[in-house]
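These notes concern the structure reproduced below.
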């Protein structure tokens, strides 16, 4: 038995002892899973975009795993901006498993010898979740570009009407702008808790003596989970001393697991978050005036929650994704930085969408699963999960291998190079420093490749053999010129967004160094002084490329494979999302008081 299993068993035993459970009593284990904005199992499963919340939902026991002393229910709530249906657990399982089965067909069909050549670790007795196959020919960098694989105020009356009209409420644009769908989901969670408790109470003669609640959420869904906790404690349960009960039965919120918690929708992008927070924010009047699109939830996570883990995306810096921290000072409420953008922590990406692998989110998934299990959430033991249910285990598998290492191994190497896990402004700056340093090296290669093809194209057009008398440029020269232009077009298509980063760095440097009205460094020095340093560093690489000089000596030793393969940059690929100076700035944080 491994240490995690021992801790999990001890947590369950302590829970039973504190509740005074005996042979003639039951625990009702109930899980709530609030998915991220625009995430929905119905839509995501066929497209292989399941979030980590959806995967944890699949692993949580249902009524089929009930025993005399344990009863289970779980409830999935789709993300804002997607259709909301109170679907039965069995239907969601079917949707997920059908799609997952087709996705694994290729792996199952591999001949054994090919599997061995690909390095399938489970054939060698390694971790069951590392079913690795070689992806070594997909490396993304500008010098190997041919391997690139793909190219204001809220109106309460209007909102209440929209809440009652699903096709309006769940429209992504309306949900983003008016933050609709919140009340519908909170009310649904409340009603399901009450309704299914009555069912659980009557489906066995053994009385329920403890209600054990677990909650999970992703980005805005994480805020919904926190909002539901407040509703649960304030409106549903009754407080008796420092404990809570429901219909006289003890209630424990045993664990809350959050993936990159945020209150704001993508429509919230006023670009002044750091200044609002500097002057005592969030200031409601200012926020609404500037177009605040957020869930009305500003409290710290209550101490009633026995254990909590908030996994935070270290490289996420989209302005609208202001981080909503746990707040308070409870030592059992942990926050931890993991590499990547929000989707690299919470899931929802596909391979080759921007980077070859979409498996970085598995690191957060495994971390959350293990922490939840040790806290007393009734997940199956992780080490034996494959033996208990291969179907469920498949949602946790890592397949991509880069230089004989899985994403979990690359993450460990990255964390050794950038060892900043605690959530702070300084730690976020160090992670973004590392990423911009890597981007600078990519820009150097990109500009060198572009200049090489531009010179070759220019030489052909200017050569003596390019002319065919009065007829102008020869057909051979035209063909060669088109070839080099095609090379340039592919480079620009896949890496041209770095020119926008270059332009943003120039604008930031010129403004902060030369404009007396630019007071950003004076107002928020710990934010904008590092940002200016990053801009200068990126421009150092650009100048070296334009002048034909060697690259600057690297200031960072994080493994480049992490950025080339696993860490995504959503600002570079989102439709309509331009690269501004905010690209060089860490995102703002909200730290509510207890």
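Quick notes
- Qualifying residue in the range 264-280 (condition: under 17 Å from residue 424 (Cα atoms) and either modelled with pLDDT of 95 or more or crowded, with 21+ Cβ neighbours inside 10 Å (or both)): yes
- Residues satisfying the stated conditions in the range 541-561, i.e. out of contact with any helix residue (DSSP H, G or I) (no Cβ under 7 Å at 6 or more places or on another chain) and not in a loop (DSSP other than H, G, I, E, B): 543
- Conditions (1) in contact with a strand residue (DSSP E or B) (Cβ under 7 Å, 6 or more places away or on another chain); (2) modelled with pLDDT under 85: number failed by residue 175: (1)
- Out of 482, 529, one residue alone is part of a helix (DSSP H, G or I) and at pLDDT 95 or above. It is 529.
- Residue tally, condition surrounded by 12 or more Cβ atoms within 10 Å (Cβ to Cβ) and at pLDDT below 75, over the range 16-25: 4
- In the range 301-390, counting only helices (runs of 4 or more DSSP H) that sit wholly within it, the ones holding 3 or more residues that are closer than 28 Å to residue 435 by Cα and at pLDDT 95 or above span 342-346, 360-375.
- The set of residues in the range 75-100 that are in contact with a helix residue (DSSP H, G or I) (Cβ under 9 Å, 6 or more places away or on another chain) and part of a loop (DSSP other than H, G, I, E, B) comprises 78, 79, 80, 81, 82, 83, 84, 85, 86, 87.
- If you check 141, 187 for being at pLDDT 55 or above and closer than 28 Å to residue 407 by Cα, only one passes: 141.
- Put simply, of 461, 470 the only residue that is assigned to a helix (DSSP H, G or I), at pLDDT below 90 and touching a strand residue (DSSP E or B) at 6+ places or on another chain (Cβ under 9 Å) is 461.
- Taking the range 1-74 as the region of interest, the helices (runs of 4 or more DSSP H) fully inside it that hold 3 or more residues being closer than 24 Å to residue 192 by Cα and assigned by TED's automatic domain parsing to the domain that holds residue 199 are 41-44, 52-59.
- Subset of the range 391-419 [at pLDDT 95 or above and in a loop (DSSP other than H, G, I, E, B)]: 418, 419
- Restricting the range 508-519 to residues that are assigned to a helix (DSSP H, G or I) and in contact with a helix residue (DSSP H, G or I) (Cβ under 6 Å, 6 or more places away or on another chain) leaves a set whose member that is surrounded by the fewest Cβ atoms within 10 Å (Cβ to Cβ) is 509.
- Conditions (1) surrounded by 17 or more Cβ atoms within 10 Å (Cβ to Cβ); (2) assigned to a loop (DSSP other than H, G, I, E, B); number of the one not met by residue 422: (1)
- Scanning the range 226-263 for residues that are under 16 Å from the mean Cα position of the chain (by Cα) and farther than 16 Å from residue 365 by Cα, we see that the one that is surrounded by the most Cβ atoms within 10 Å (Cβ to Cβ) is 262.
- Note on the range 198-225: residues that are part of a helix (DSSP H, G or I) and under 32 Å from the mean Cα position of the chain (by Cα) total 6.
The values are calculated or read from the model by the stated rules, or taken from the named source; none is laboratory data. Everything quoted here is computed from the prediction, not taken from an experiment. Quick reminder, even Gly has a Cβ in these numbers, built from the backbone with ideal geometry, and neighbours come from all protein chains shown.
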